[in-house]
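The values are calculated or read from the model by the stated rules, or taken from the named source; none is laboratory data. None of the values given here were measured: they were computed from a predicted structure. Counting neighbours? That spans all protein chains shown, and the Cβs are built from the backbone with ideal geometry, glycine included. Side chains are part of the model used for accessible areas, which takes the heavy atoms of the whole protein and leaves out ligands, DNA and RNA. Shrake-Rupley method; radii C 1.70, N 1.55, O 1.52, S 1.80 Å.
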Amino acid sequence: MKILITGGAGYIGSHACVELLNAGYEIVIVDNLSNSKPEVLNRVRQLTGKDFKFYPANLLDITTLDAIFSENQIDAVIHFAGLKSVGESVTLPLWYYNNNITGTLRLCEVMKKYGVKKIVFSSSATVYGIPESVPISEECSLGATNPYGRTKQMIEEIFRDLNVSDPEWSVALLRYFNPIGAHNSGRIGEDPNGIPNNLLPYISQVAVGKQNELKVFGNDYPTKDGTGVRDYLHVVDLAIGHIRALEKVLRSTGVEAYNLGTGIGYSVLEMIDAFEKVSGRKIPYRIIERRPGDIGICYANPLKAKNELDWAAVKGIEEMCEDLWRWQSNNPNGYDTEVLVSAKIL
Ligand code: NAD
Ligand code: WQD
């Protein structure tokens, strides 16, 4: 079984590639490395002892996309490739709409041409916008509040329309909550460009001295300690969720959305505390005003994924923080710590 992984050099994609290879799938990766480094591919090969083809290409490049499908007998696609910064999407909406939506349209065109109609798509809990209530279930109304989130919501609609036009399409829309942590080898993990936007990458950079202090965005939310509450899930649990979703799309047709989260919410202060305990490092922090666009509480009802995909997150926040700390302390500069050997391109 050969699976095309778009965005396979990225944070979540690389962890999914390790799990897929370990589970016996053959993979082909396409990634333009716009937010990732080729070194990650070497490490995926080292961790798994398996090889795969890598195409350093943009999804917008339909000629290369076509070549990928003509040169490989692809059975299904896992589609991670996309730009993901909320703030950047507000400043550069056309770039986001073009990259995420046009990229997906080109991918679907080529899939259609080659008769490949099975796909697992990286959606996001951000499609729920300001949640009506928590825990959030898949039936809750959607209302993304920024261009990035709207690309996800629109792509979900595109897949639904595609399935109406041709019911053989089989699509899993995976709405991730807040993925954190790293592979427990400490060899692959999240390597954000510049100053991290997200909480855990920021905390771990404070711990290794790359940032001076954490700024906590508000302590006046209606939550247990006033700070924002989120559903953090281990990236390896999330990666395994893709295998369960892939098995589902391979055996059925239709379009289904699934929340991938733990169902448990932790506050910013609880995450600082958990990280300090496992790392033994003090995380200095300062409370500042709320971050514009933030919501107070967001956590999943993950029962649909349990019932239909037989998937549930099993790793707790201690393990998430331990694995993040191992990755960050072994690789304080991410994938730049070692002399880069250019990725092997077959
Ligand atoms: P990432 O940036 O680490 O990985 C995305 C990869 O896609 C990168 O390697 C990038 O180079 C590649 N890419 C982007 N545009 C491309 C294009 N046009 N052609 C080819 N490759 C392209 O991000 P991630 O955290 O691994 O996220 C993966 C997916 O999951 C994204 O679609 C993201 O929106 C979604 N998601 C992420 C989170 C999160 O918190 N990390 C939460 C919800 C959803
Ligand atoms: C978590 C909590 C912040 C940083 C974002 C995207 C979302 C999704 C995941 C892709 C909040 C607080 C954060 C900091 C802080 N990505 N915080 N100081 O906002 O839930 O989601 O990433 O789909 O679309 O919006 O995650 O990690 O940024 O924030 O106090 O320096 O930490 O206010 O309460 P968020 P996050």
Quiz prompt | Pair list, Cβ < 7 Å and 6+ apart or interchain, from the range 190-201 residues that are under 12 Å from Tyr11 (Cα atoms) to residues that are within 11 Å of ligand 2 (Cβ to nearest atom) and outside any loop (DSSP other than H, G, I, E, B) | solution = Glu190/Tyr11; Glu190/Pro201; Pro192/Pro201
Quiz prompt | Any chance Asp61 is among the acidic types (Asp, Glu) and more than 12 Å from ligand 1 (Cβ to nearest atom) | solution = no
Quiz prompt | Residue ID - surrounded by the most Cβ atoms within 10 Å (Cβ to Cβ), chosen from residues in the range 177-208 that are away from ligand 1 (no atom under 16 Å from the Cβ) and either of a type in the set (Gly, Ala, Ser) or closer than 19 Å to Tyr299 by Cβ (or both) | solution = Ala207
Exercise. Please note which strands (runs of 3 or more DSSP E) are completely contained in the range 209-314 and include at least 1 residues that are of a type in the set (Val, Ile, Thr) and open to solvent by 60 Å² or more (accessible area, probe 1.4 Å).
Key: 285-288
Self-check item: Every residue from the range 69-86 that is over 20 Å from Leu246 (Cα atoms), in contact (Cβ under 8 Å) with a residue 40 or more places away in the chain and touching a strand residue (DSSP E or B) at 6+ places or on another chain (Cβ under 9 Å)
Solution: Lys84
Quiz item: Could you count how many residues in the range 321-346 are in contact with a Pro (Cβ under 9 Å, 6 or more places away or on another chain) and at pLDDT 95 or above?
Solution: 4
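With of a type in the set (Asp, Glu) and within 22 Å of the chain's Cα centre (by Cα) as the only criterion, which of Glu88, Glu71, Glu132, Glu168 stands out?
Numbers: Glu71 fails: within 22 Å of the chain's Cα centre (by Cα); Glu132 fails: within 22 Å of the chain's Cα centre (by Cα); Glu168 fails: within 22 Å of the chain's Cα centre (by Cα).
It is Glu88.
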Self-check item: Residue count, the range 131-169 (criterion: open to solvent by 30 Å² or more (accessible area, probe 1.4 Å), part of a helix (DSSP H, G or I) and within 16 Å of ligand 2 (Cβ to nearest atom))
Solution: 3
